[in-house]
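The values are calculated or read from the model by the stated rules, or taken from the named source; none is laboratory data. Being a predicted model, the structure only gives us computed values, none of them experimental. Because the Cβ atoms are built from the backbone with ideal geometry, glycine has one as well, and the counts that use them run over all protein chains shown. When the accessible area is computed, the model is the full protein with side chains, heavy atoms only, and any ligands, DNA or RNA have been set aside. Shrake-Rupley method; radii C 1.70, N 1.55, O 1.52, S 1.80 Å.
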Amino acid sequence: VQLQASGGGSVQAGESLRLSCAASGSIFGINDMGWYRQLPGKQRELVASITFAGISTYADSVKDRFTISRDNAGPTVDLQMNRLKPEDTGVYYCYAHWLGDDFWGQGTQVTVSS
């Protein structure tokens with residue numbers, strides 16, 4: 001499984017960004033997909049995940065601001081990030097869970113200035 005992430009960038013607080021991630025290769029059987037992030041000086045943390053059936057979960061810090069969506073035809077997984085805060089600044093990684101292993105895309109930088 002290969003994952004290609006896109007989106008990210010630099011915005012002002014309160015603005016929005018959309019991250020997208022496309023899977024390729026051995027994609028049959030991919031279950032969970034989602035996004036992690038690594039904030040400066042902190043460990044990588046789960047931001048949001050979504051199952052094949054469309055059940056999503058979110059970190060408390062992003063609930064009501066971020067929305068994860070998925071297209072199983074791709075498959076692709078998107079993360080719509082609204083009302084961004086400076087504390088959302090970090091590197092965001094998409095992932096896919098396939099046959100017991102986790103696969104990762106390259107990180108994409110999100111920078112939110114106040």
Expressed as a whole-number percentage, the relative contact order of the chain with C-alpha contacts under 8 angstrom and at least six residues apart is 37
Once Asp102, Asp60, Asp88 are ranked on solvent-accessible area with the largest value leading and a 1.4 Å probe, the list reads Asp60, Asp102, Asp88
Scattering profile of segment 61-114 from the Debye formula, Cα beads only, expressed as log10 I(q)/I(0) at q = 0.15, 0.21, 0.28 Å⁻¹, is -0.53, -0.93, -1.21
Here FRET efficiency (C-beta to C-beta, Gln38 to Arg83, R₀ 25 Å, nearest 0.05) is 0.75
